[in-house]
Each structure stands twice: as C-alpha cells, then as structure tokens.
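To keep things clear, I will list the structure first and then write my remarks on it.
The values are calculated or read from the model by the stated rules, or taken from the named source; none is laboratory data. Predicted model only: the values in this text are computed from it and were never measured. Cβ atoms come from the backbone with ideal geometry, glycine included; neighbour counts cover every protein chain shown. Accessible surface areas use protein heavy atoms only, side chains included; no ligands, DNA or RNA. Shrake-Rupley method; radii C 1.70, N 1.55, O 1.52, S 1.80 Å.
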Amino acid sequence: MGDDGAGEGEPQLLRVEFLYTSTPVEGCDIMPYVVVRMPNGEVKSTEALEEKSGPLDVQYRWYRCSQKYICANERCKEPAQMQFTTLFKLLPQDAPLSEALSARTFFCSRACFEDSWWKLRSMQLQESKRCPRRWPRARDAESLDLEEFRRLSATGGNRAVKEPEDNPLERNEVGWTKSFTPSTDEVGHVLQVACRYVHRLSSGAVHVGPPLVAQSSPVIEAPPPPPERPMINVYTRKAYSSQIRWTSKNSFRVLTYNCLAEIYANPRHFPHCPAWALAWTYRRRNIVREIEAYASDILCLQEVQADHFESYLQPVLSQLGYDGTFKSKTREAMGKRGKIDGCATFWLRERFQLREQHDVEFNTLAYARGLRDSRGLKLLMKGNVGQLLVLDEVGGSGPIIVANTHIFWDPEKSEVKVFQVDAFLGEIQALLHRTDLQTPVVFGGDLNSAPESAVYELMSTGGLDPSAHDEIGDDTYGILKSCRLGHNLQLRSSYATLGYEPAFTNYTGDFVGTLDYVWYSQNRLLCIAVLELPEEKELQTAIPGASPAPDGAPTTSHLWRSFSACSPCMATLHSSL
C-alpha cells in the first residue's frame, strides 16, 4: 500500500464498516471499508492506500459466527435475547425432538416473539395436552391471548419471557482476503471481519496492530432468478424460448440495457429497495446472468461505471465470448478515479469483428454548433456521450453500424434531448457517407424519452415539428434553430413492429414508462422477434428491488440482417439484403 505519510510512527485503524451493505447475500461479495490514521496524522481509506505500494498493509480475517440460540422467527435470524420459558418447561428433556422444539422458543426481541405468538400458543397447547402432569393448567393456554400476556408481562405477573442464561458465540475462520463470498454454509450466520494493520519499518521490523472488528447481519439466501422471458415472433405473435436461436448467419440479436451505475444507486433515490439489493456486488451478478441467458450478439449498455467496466464487466463478458469498448461521460468523476458512468458496447467475437470505433461527445458537438447565446451553450453542457461502431460480420454479408447512447434525463429539458439525438443522428449519417450508404444501422439506447415525445417523433419519422410538442417550449436560447431536425436513416423501433411500444421499460417509484429502445434500418433489416417485457402485475414493487432487476427491464430484438430486440430490450434482426 501507499507510503504517503507513513513515517516511522505507528498507524491506527479508526473505522471498519461494510461497503455497500451490512447484509451479506449468498454468492455475492462483501467487503469492508477501512479508515486508517497514518503515522503523520493523515487519514486515508485503504482504497487510497492500495493505489501505491508501500510499508503499510491491512490484514483481513473473516469468521462465520454461530450462536447457540438464534431468533426462531422465520423472517429473522438475529442472536436470541429472550426465551418463552413456559413452553420450554413443558418439553420432555429426554425426547429426541426436544432440542429442535426448544430452539423454537428463543427470540431476539419482543417484537419477533409477538410475531410468533400464535405458533407458540399452538405448540404450548399441544405439549400441555400431551403432558398434563407437567402443566396441569392447560386451559389457561387456551384462554390466554396476546393482549393478556402483554398485560401480565408489564405488571411483572408473567415470567415466560426472560433472557437466556448463556448464549455463547462460536467463530470459525473462513476467509483471508479483503472480500468474502458467502456460500450456503453461511446462510443464517453473521459474519465478522477482523482487520489489523501491518507496518513494515525501515529497520526490517514488522508491527502488527490490534484487531478492529465489524459484524454483519445474518447472511441471507440469494433470491431465486426471475422467470425466463420468452421471445415474441413479430409475425406470428407466438412466444418461444429465448434459448432458441435462428440458425441463419444473417440473423443476430441486439440487447440494450441500463445497468444503473453504483454512483446513482442510493436509498434516497430508491427508498423502496433494501440496501443489499442496491449493492453493486449483488446487482452485477444478476445483470451478467440476464445477459448470458438472452445470448445476444450485440450488447448496448448504459450507466456502466468506468471502474466496474475495467474490474468486472469486461473480464467477465470476455469469458463469455464478448469483446467490448467503453466511453465515459465528459464530466468530473463523483469521487475517486473510475466513479463516472458511460456507455459500453460489446459484440460476440465469433460473430463480429471491430472495424472502426468513434466516440461521440455531445459537449464537443454543442461547441461546434456556434450558438450565439452563451446561456444555450451552458445548458447543453451535460456530459452525455454516444458510441458508433462499424462491425464486420465474420463470414457474413458485410458490415453493420452499431450506435449506443444515453440521452440526458431531465424531463424539463426536452430541447437538450432533441439536440443530443439530432446531433447523434447527424454523426451516424456522416459515418454512413464515409463507409457505405447501404450499411444497415442498429441503434440501442436509453433515450429518456417516451413514445409521445419530440425525440421519438424525430427518430421514427425522420423529422420534427417543434410546435406540436408543448414540452419543448419557445426555444429561448436558439438551441433548436441550430439543429437539422431531420434525417434519412429510415429507422424503426423494434417493439413498434408489434403495433405498439411496451407499457414500460422503466418502473421506479416516481416514474413508469418506456425510455429504452432498439432501432434499426427498416430498409436494410427485418425485425423477427422481440423479448417479452414483464407485465406490471409481475413486479412486486418498483425496480430495482429485492427481486433481481436493474434500473429498467432489458430490451432485446432479433434482427434478420434480420434482428431480434430486449430492455433489457432485445430484438432479433435479419438482413433483408
């Protein structure tokens, strides 16, 4: 680790807590956040120290902790703090099931005890009738309700709930690295991570500091994956498994997916979602699982965080057969290096090879428009970007252009959205003139624009009448006057081939609607199938949530030189050449 401020004095670990969440999930990494005071008094996190090698290091030891008694409430596995002794006294100490039944009498709190009251009373009735000599007043159990029990407890007239005399903690060492991935063996157990500093002095001596420990909540079982979403044939309207692929080399699948960057995934924006389900270490596994399940040939991903692309998505998707490229937004990172999102485009290397890559920066294009009003230029400085790729099909029928972008979000700034889409379409047309006007275009992205918006009209019709959209306003700063507001790309939305757009690709606590699309050159490609999107009744709550899901549903299309579309939106496309 870094030697900045190391000196020859002793460092000190100030704080150890869990990064993202203190609730571990089976199969998902959990890691600590450690704050160190350097010998010179400077305070740093271990992440800052890890950027350089030096004499200071941190040692990690992970423990699976088991307490003899844990809460019997099915929704809670916290250490027990009390016992229902009335039932415990009824249990025959020599019965084979006595230990198992006894475990059901312990609780972490009065709330959990009261939540289990009816089960306890049922057990008490059964045991009192079976062993009337051990408790002759069995009728009392039939008549005692929870309110009466509370009254007796409050006045000291009932000692049924008391603290267990002994509840020892057993620790088993299970890990020695910074992060730990709980297995099924850890489900229901709390985890402890003990951190110590290791200070290597110039004299050759090594000082190991005292442990500082953080303890998690009990490890929870990973939620089951969502049900498989089928592909819908746009001609027959019949559903078929997304695992079934068209055998023609001229067909390919395109998926667009807003991954929800970690820097935006916080409880303030998603109060309905538990912290463990917002954690990137949980969501990243679900995102890759969906990508793998839909087996798309081209992936257009938005809100990909730069450090996550480098450390996780690129290496993991490479193992699945994809090559990819990333373009970050042109604004300052939110914190340390890598804490900025952007667009990432991947392609299956056995299907495509990269010929050209062009990054599009909307800030740069705004400067090139030469707006006379500086306020209009300032309004356009949002840092959004796009990617343009020319891919050659391996052994296929020629190149395709893949466009991927994430348009500015604010519904009050429609003129900014129109400018960005108009500029991006202009870049696509320029690339076509440099390549071949007959090259088909596939355009995937989060446009942050509904089907009734000005952006959708521009995309789908090739033109735009600003006066027909109240959302645009009076163009005070002349932004729209600098736009072409037209194109000849002949684009069509994949899902529109069904005759309608989905009810939603984004389902959050404050917005439900369609924002994500897979567009294609309808004079060069045919849309064969699209991925079925979930119905509202299938969603337990807004997404992201405890059920595996990203910012929006992935959208996929199957195109025949033709294609298929998924949000994830996905379409299967086929070449009409």
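Quick notes on this structure:
- Spin-label pair Arg110-Asp475: with each label point 7 Å from Cα along the Cα-Cβ axis, the two points sit 6.9 nm from one another.
- At most 14 other Cβ within 10 Å, DSSP loop - GluC sites (Glu not before Pro), the range 372-452: Glu412, Glu452
- Accessible surface of Ser241, taken over heavy atoms with a 1.4 Å probe and every protein chain present, rounds to 40 Å².
- FRET E, pair Thr177, Trp409, Förster distance 51 Å, beta-carbon r, rounded to 0.05: 0.85
- The convex hull around the C-alpha trace of the range 262-416, projected and averaged over every direction, spans 11.4 square nanometres.
- Long-range tail of P(r) for the range 319-380 (Cα pairs > 15 Å, %): 66
- If the segment from Ser397 to Lys378 were pulled out straight at 0.36 nm per residue, it would be longer than the present Cα-Cα gap by 2.4 nm.
- Two-site FRET efficiency, Thr364 against Glu17, from Cβ-Cβ distance with R₀ of 41 Å, rounded to 0.05: 0.50
- Here the extension length gained between Gln59 and Arg349 equals 100.4 nm, from 0.36 nm per residue of separation less the Cα-Cα distance.
- If you plug the beta carbon distance of Trp117 and Thr184 into 1/(1 + (r/R0)^6) with R0 = 30 Å, you get a FRET efficiency near 0.45.
- Burial ranking of peptide ranges 480-492, 18-30, 341-353 (average Cβ count within 10 Å, highest at the top): 341-353, 18-30, 480-492
- As a length-normalised measure over Cα pairs under 8 Å and 6 or more apart, the relative contact order of the range 425-504 settles at 29 percent.
- log10 of Debye I(q)/I(0), alpha-carbon scatterers only, for the range 227-276 at 0.27 Å⁻¹: -1.14
- Packing order of peptides 199-210, 39-50, highest average first: 39-50, 199-210 (average count of other Cβ atoms within 10 Å over each peptide's residues).
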